[in-house]
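Structure first, commentary second.
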Amino acid sequence: MLGPMRKPFLVLILLLSVLLAGIHVVGSEERTARLLDGLDPRDDGGDLPVEAVCVVAGSTDQGQLYCVLQVVVPSPSLGAAASRSLRLTVAVSDLDSETEVTRRTVATGSLDNTGAWVYLVPVGISEEIRGLAVVVEDPTSQRWGGALVEITEEPLPVDEEAAVSEGSPIGLRIGPPSGGNPGAADPTTTMIRLVPPRHEPATGTTRIEVIATSEAVERVEFFLDGDRVSEDRRAPFAARFNLGQPPRPQEILGIAYDEYDHEVGRDTLVVNAGSGVFRVSIRSLAGNPASGSVEVTAAVEIPPGKALDRLEFYFNGELAAQRRQPPFTASVPTPSAGPTDFVQVAAFLKDGSSIDTVRLLAAQGVVEEVDVNLVELYVVASDAFGRPMKGLPKEAFSVRRGGKVQPIEGFQFAEDLPLLLGLVIDSSGSMDERMTEAKRAAGGFLGQIMKEGDRAFLVDFDTRPRLAHPATSDLGAIFRTFSTLQPEGLTAIYDSVVFSVLHFEQGRGRKALVILTDGDDYQSRYSPRRAIGDAQDAGVPVYVIVLGEGKQARRILKTGDLDHLTAKTGGRVFLTSQPGDLEKAYAQIDAELRSQYLLTFYAEPDGQDLDIEVRIDRPGAKARTVIGGR
């Protein structure tokens with residue numbers, strides 16, 4: 001029991017703690033406000049040199065500018081004791097509204113042997129802007145600096161040794177005011193990802209979990225259709241939602257905060273999308289491609305509260321037609337009639353989100369719509385030595401479902417279909433000595449496999465997975481991101497699989513996930529079974545390259561259950577130990593992804609699981625099959 005003198009003393013300490021905890025939040029706003037008013041940060045105690053410009057990338061008819069904010073801080077100025085993360089505050093002020101402030105914590109990793117730390121983030125602002133300011137704070141040393149941001153067309157010069165971090169867009173001044181909607185501001189920040197329930201439809205009490213990609217996350221608030229449900233202050237973060245009966249589309253929002261109660265990330269998830277909260281499909285194809293054109297009829301489903309902008313129709317990636325109102329039917333020219341020609345339909349909402357679907361054109365003609373499910377199988381055929389087999393005819397393949405032979409409706413070589421590739425690199429502490437080799441080999445793999453129309457995204461993981469770069473066709477952007485990968489932490493392999501699968505769009509198309517690791521799984525929240533199930537549902541084959549010496553690599557393979565993961569998803573494991581093995585493994589994966597066959601057959605929509613087997617009528621031949629995402 002506290003004595004009479006200790007109680008007031010304890011109360012005083014608590015009051016001081018509360019006051020001190022609030023100093024940072026108020027201070028950062030005051031600092032950006034003073035910068036906007038023209039005060040030199042050095043006159044306000046800021047001794048960290050910061051330079052910043054906003055490089056204009058475009059504008060709209062509504063008086064909005066899109067630019068890339070570039071913030072540069074010399075690494076030597078941060079010192080050896082600098083944090084592995086920095087806090088950024090961005091403030092924008094225009095002529096007719098209040099100053100708008102966005103804060104985020106950015107992981108930098110080690111800045112040893114780097115000339116500067118560079119942060120790049122897309123920003124939307126009004127053309128009526130009065131001023132833009134940025135403040136950078138080091139939470140370890142409590143040092144800070146800031147700068148007024150110049151709107152320009154030229155970026156700041158930085159040397160090749162700079163460490164570059166890229167952030168998700170800051171949605172300042174884009175779109176109408178949020179009106180207090182907790183999901184309206186900065187919707188693309190992804191320091192957390194909500195994990196969908198394993199099975200849908202989901203009804204009644206349902207647990208939704210969060211993958212936090214940064215140690216900066218201290219708590220997560222959860223909302224259901226805009227109403228606050230709960231918060232969780234202990235990792236791993238999760239909440240239980242009453243989704244009721246019958247199942248219906250509902251939106252879940254998670255907002256993450258750091259120890260200073262700054263918002264550091266948010267993510268939204270629609271459960272029970274069912275027939276497709278946002279889905280586009282090709283309902284029918286009429287005509288023969290050899291005649292010079294086909295008539296494409298599409299259907300689109302729009303989420304509640306959203307509005308359709310347009311549908312675009314493509315032939316082999318070339319825009320052929322556009323429709324803004326139903327009926328969504330267009331005549332698509334087909335100047336060639338090869339076995340790999342395809343039509344594509346993309347749907348765009350007015351908020352900028354989009355989704356697409358692809359359908360191959362059979363050279364012998366097009367099948368009209370039928371009331372059954374078209375199942376797509378991506379098949380790698382390999383000989384007795386494990387080498388991909390090209391040039392096999394349709395007659396060499398047979399498809400069985402539940403033991404019964406199914407007629408093969410479509411048979412194509414899938415190499416020319418667009419590919420979405422997820423590249424996952426282990427950045428745990430044990431990778432320190434091999435990180436340079438890993439980056440070089442991964443870069444060579446991307447440069448070799450990617451072609452026009454393909455996209456790739458980059459994930460790195462240690463104790464937590466992170467989206468290092470979102471899906472893009474710009475290889476240079478991914479290569480620059482390699483410099484930000486710094487080895488530290490443990491090895492959560494299966495968490496990285498579950499996390500990475502979330503970044504593959506729903507629907508059909510060629511996909512692959514390629515993981516490079518050197519260690520056993522350690523501290524993953526998710527099991528191999530969950531990782532396998534999620535990859536199968538998304539139609540994603542998982543390839544794993546294990547770095548290690550002989551017995552060590554085989555032990556990792558056995559204890560980590562990686563062989564089971566790849567076999568169940570249609571991928572492979574590669575064991576590497578000698579110099580040059582890594583490049584060979586990537587080359588073999590490249591060869592396989594370029595040697596896929598696409599088989600299609602019609603299945604009755606009986607609601608049963610697809611028990612599918614593909615056989616190849618060639619001595620020693622084996623088939624590894626991935627069912628297209630469904």
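The values are calculated or read from the model by the stated rules, or taken from the named source; none is laboratory data. All values derive from a computational prediction rather than experimental measurement. Note that each Cβ is placed from the backbone with ideal geometry, even for glycine, and that neighbours are counted across all protein chains shown.
Taken over the range 589-620, the criterion of being at pLDDT below 90, in a loop (DSSP other than H, G, I, E, B) and touching a helix residue (DSSP H, G or I) at 6+ places or on another chain (Cβ under 9 Å) is satisfied by R594, S595. For Y260, the criteria (1) out of contact with any His (no Cβ under 9 Å at 6 or more places or on another chain); (2) at pLDDT below 80 hold in every case but one, which is (1). Right, E395: in a helix (DSSP H, G or I), more than 20 Å from D356 (Cα to Cα) and not hydrophobic (A, V, I, L, M, F, W, C) or not? Spelling it out, E395 is indeed in a helix (DSSP H, G or I), more than 20 Å from D356 (Cα to Cα) and not hydrophobic (A, V, I, L, M, F, W, C).
Counting only strands (runs of 3 or more DSSP E) that fall entirely inside the range 102-165 and contain at least 2 residues that are closer than 25 Å to R34 by Cα and within 28 Å of the chain's Cα centre (by Cα), the qualifying elements are 116-126, 129-137. Residues being in a loop (DSSP other than H, G, I, E, B), surrounded by 15 or more Cβ atoms within 10 Å (Cβ to Cβ) and of a type in the set (G, A, S) are entirely absent from the range 252-270.
Any chance you could count how many residues in the range 437-481 are among the polar types (S, T, N, Q), in a helix (DSSP H, G or I) and touching a Leu at 6+ places or on another chain (Cβ under 7 Å)? Number of matching residues: 1. In the set (1) touching a residue at least 40 places away in the same chain (Cβ under 8 Å); (2) in contact with a His (Cβ under 8 Å, 6 or more places away or on another chain), the condition left unmet by L458 is number (1). Against the test of being at pLDDT 85 or above and either in a strand (DSSP E or B) or within 27 Å of the chain's Cα centre (by Cα) (or both), the options L69, L65 yield a single qualifying residue, L69.
Under the condition of being part of a loop (DSSP other than H, G, I, E, B) and not aliphatic (A, V, I, L, M), the residues counted in the range 208-251 number 16. Cβ-Cβ contacts under 6 Å between residues 6 or more apart (or on different chains), taken from a first residue in the range 418-435 that is in contact (Cβ under 8 Å) with a residue 24 or more places away in the chain to a second residue that is polar (S, T, N, Q), are listed as G422/S500; V424/S496; V424/S500; D426/T517; S428/T491. Whether any residue in the range 421-433 is modelled with pLDDT under 90 and not in a helix (DSSP H, G or I) is what I want to check. Yes: one or more hits. Among the residues of the range 300-311, those that are surrounded by fewer than 18 Cβ atoms within 10 Å (Cβ to Cβ) and either assigned to a strand (DSSP E or B) or not basic (K, R) (or both) comprise E301, I302, P303, P304, G305, A307, D309, R310.
The single condition among (1) closer than 23 Å to G109 by Cβ; (2) in contact with a Ser or Thr (Cβ under 9 Å, 6 or more places away or on another chain) that A535 does not satisfy is (1). The residue that is surrounded by the most Cβ atoms within 10 Å (Cβ to Cβ), among those in the range 447-488 that are of a type outside the set (A, V, I, L, M, F, W, C) and in contact with a helix residue (DSSP H, G or I) (Cβ under 6 Å, 6 or more places away or on another chain), is P465.
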